[in-house]
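**Student:** Mind looking over this structure? Questions follow.
The values are calculated or read from the model by the stated rules, or taken from the named source; none is laboratory data. These figures come from a predicted structure and were not determined experimentally. With ideal geometry, Cβ positions are generated from the backbone for all residues, glycine too; neighbour counts draw on all protein chains shown. Ligands, DNA and RNA are excluded from the accessible area calculation, which covers all protein heavy atoms including side chains. Shrake-Rupley method; radii C 1.70, N 1.55, O 1.52, S 1.80 Å.
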Amino acid sequence: MAKTLLVTGGAGFIGANFVHYWLAQYPKDRVIVLDALTYAGNLANLDSVSANEKLKFIRGNICDTQLVEKILVDEAVDTLVHFAAESHVDRSILGPDAFIETNILGTYSLLKAAKKVWLDGPAPVPHRFHHVSTDEVYGTLGPNDPAFTENTPYAPNSPYSASKAASDHLVRAYHHTYGLQVTTSNCSNNYGPFHFPEKLIPLVITNILHNKKLPVYGDGLQIRDWLYVEDHARGIDLVLQKGQVGENYNIGGHNEWANINIVKLIGKLLEQEFAADSRWAEKYPTAAAAIAGDTESLITFVKDRPGHDRRYAIDAAKTGRELGYKPQESFESGIRKTVRWYLENDAWWKGVMDGSYKDWVAKQYSHQ
Ligand code: NAD
Ligand code: DAU
């Protein structure tokens, strides 16, 4: 039976990739995107699917409980997939307020609306509330520690991860106390198209194209576990189709990299692209180090992020065993695809960085 999804944060990096994935995979389903279009949300991320009649965009804040209730009722939503969040750790250190508001109070607002519409009426409505969380709630690992499992105790270290952990607990409590049909997924670091250029991988790509320094925090030996974004969407899909209500599922690809090695790898890949195709030097004449094959000269070690988690690694064995989850993209092909996507889509990243694309696409968009 066709579903109607409410996707919060569907104009952000992972949410937009999820919307593209879902519309392609399930063309009969309706997808309603609720997004406040903060600095990180951009209708340009949904531009190529904006003419799809199964997609509707609503600009609004998840903290607006009445609006959420109205959408759940008016659109007869049966599945809520909750991506909306403040997501950047550095911003959470500079100013935690927005993280507390959106990640904790916003999730609470969605839970209240879902309970009212789906559980508190004359008869309960069949539903699913899927909450998208992160591996950062588990804290940090030493070099030889086993990877995080779903049973690893929560130990969040940044205002961002603490706010996500708080939201995970609220979701759990709404299931345990009220019987809301929830699932939660905890995923490792994503990369791919539409990744906002404040995060490490797109920042390094766009800085190289501008011949800017590549800031590496501390000694650069912190480890992250990278997953291609579409493999995250596939994992959520499996949790929605086959996951047990009330359970948490880890999503990841066993792909740990030290930051400094990721920075060097991206430099090498860009050097190869520039050497193989003269189009890129014409398009990016500022990219002197990439043209000269010397991107390592741009690497600059800078002051470390306060409280910087040393290592993340996700054990997705339960999701593999119980749901048949397996990432499809190898890191080698995914990172090459991503580098090429940024080379080809400079209109997107220049536009999101200066905000101009956001206004332009908002005017073009037909489903508001
Ligand atoms: P993002 O910052 O790119 O996008 C967040 C989206 O949420 C934006 O479109 C923004 O406009 C919207 N939003 C923010 N506040 C809102 C509010 N109050 N009301 C409505 N919309 C609001 O984030 P992302 O990287 O796509 O992450 C999406 C989700 O996945 C987050 O919950 C994040 O914690 C989680 N996650 C991210 C990663 C990662 O590597 N990026 C990994 C694991 C989990
Ligand atoms: O692990 C999942 C998390 O991954 C998500 O929950 C977060 O929403 C997402 O932003 C991401 O968090 P990180 O802090 O790991 O991502 P970021 O891209 O900010 O940084 C990756 C690593 O690179 C981290 O160790 C910090 C480092 N870094 C980052 C930037 C922006 C640098 O060394 N230099 C930089 O300029």
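**Student:** Residues being within 16 Å of ligand 2 (Cβ to nearest atom) and charged (D, E, K, R): count how many of those fall in the range 275-308.
**Tutor:** Residues meeting the conditions: 4.
**Student:** If you don't mind, another one. Just checking, does the range 240-259 include any residue being open to solvent by 40 Å² or more (accessible area, probe 1.4 Å), part of a helix (DSSP H, G or I) and not charged (D, E, K, R)?
**Tutor:** For the range 240-259, residues open to solvent by 40 Å² or more (accessible area, probe 1.4 Å), part of a helix (DSSP H, G or I) and not charged (D, E, K, R): present.
**Student:** Let me ask you something else. What number goes with the only condition from (1) in contact with a Leu (Cβ under 8 Å, 6 or more places away or on another chain); (2) modelled with pLDDT of 95 or more; (3) open to solvent by 10 Å² or more (accessible area, probe 1.4 Å) that SER50 does not pass?
**Tutor:** Unmet condition: (2).
**Student:** Name the single residue, out of those in the range 161-199 being of a type in the set (S, T, N, Q) and over 30 Å from SER330 (Cβ atoms), that is farthest from ligand 2 (Cβ to nearest atom).
**Tutor:** THR177
**Student:** While we're looking at this one, here's another question. How do the pairs read when you match residues in the range 34-59 that are closer than 14 Å to THR8 by Cβ and away from ligand 1 (no atom under 11 Å from the Cβ) with residues anywhere that are part of a loop (DSSP other than H, G, I, E, B) and aromatic (Phe, Trp, Tyr), using Cβ under 6 Å and keeping only pairs 6 or more apart or on different chains?
**Tutor:** none
**Student:** Let me ask something additional. Give the residue, chosen from THR286, THR300, THR319, that is in a strand (DSSP E or B) and open to solvent by less than 80 Å² (accessible area, probe 1.4 Å).
**Tutor:** THR300
**Student:** Now for a separate question. Within the range 187-227, how many residues turn out to be within 14 Å of ligand 1 (Cβ to nearest atom), touching a Leu at 6+ places or on another chain (Cβ under 9 Å) and farther than 24 Å from LEU46 by Cβ?
**Tutor:** 2
**Student:** A follow-up question, please. Taking ARG234 as the residue in question, decide whether it is open to solvent by 20 Å² or more (accessible area, probe 1.4 Å), more than 12 Å from ligand 1 (Cβ to nearest atom) and touching a helix residue (DSSP H, G or I) at 6+ places or on another chain (Cβ under 9 Å).
**Tutor:** yes
**Student:** Would you pick out the residues in the range 60-87 that are within 16 Å of ligand 2 (Cβ to nearest atom) and free of Cβ contacts under 8 Å to residues at least 24 places away in the same chain?
**Tutor:** Selection gives nothing.
**Student:** Now a separate question. Restricting to the range 63-88, give me the number of residues that are open to solvent by less than 10 Å² (accessible area, probe 1.4 Å) and within 30 Å of PRO306 (Cβ to Cβ).
**Tutor:** Counting residues in the range 63-88 that are open to solvent by less than 10 Å² (accessible area, probe 1.4 Å) and within 30 Å of PRO306 (Cβ to Cβ) gives 1.
**Student:** Failed condition for GLY121, given (1) surrounded by fewer than 18 Cβ atoms within 10 Å (Cβ to Cβ); (2) touching a residue at least 60 places away in the same chain (Cβ under 8 Å), with all others met?
**Tutor:** Unmet for GLY121, out of (1) surrounded by fewer than 18 Cβ atoms within 10 Å (Cβ to Cβ); (2) touching a residue at least 60 places away in the same chain (Cβ under 8 Å): (2).
**Student:** Something else about it: Which of the residues belonging to the range 13-32 are touching a Ser or Thr at 6+ places or on another chain (Cβ under 9 Å), more than 9 Å from ligand 1 (Cβ to nearest atom) and of a type outside the set (Lys, Arg)?
**Tutor:** Within the range 13-32, HIS20, ASP29, VAL31, ILE32 meet the criteria.
**Student:** Within the range 265-283, how many residues turn out to be within 24 Å of PHE331 (Cβ to Cβ), free of Cβ contacts under 8 Å to residues at least 12 places away in the same chain and either open to solvent by less than 80 Å² (accessible area, probe 1.4 Å) or touching a strand residue (DSSP E or B) at 6+ places or on another chain (Cβ under 7 Å) (or both)?
**Tutor:** Result for the range 265-283: 1.
**Student:** Could you list, in sequence order, all residues of the range 280-321 that are over 29 Å from GLY252 (Cβ atoms) and of a type in the set (Ser, Thr, Tyr)?
**Tutor:** Hits for the range 280-321 are TYR284, THR286, SER297, THR300.
**Student:** Turning to a different aspect of this structure: Search the range 334-348 for residues being more than 11 Å from LEU269 (Cα to Cα) and open to solvent by 40 Å² or more (accessible area, probe 1.4 Å), and hand back the single one that is modelled with the lowest pLDDT.
**Tutor:** Out of the qualifying residues, it is ALA347.
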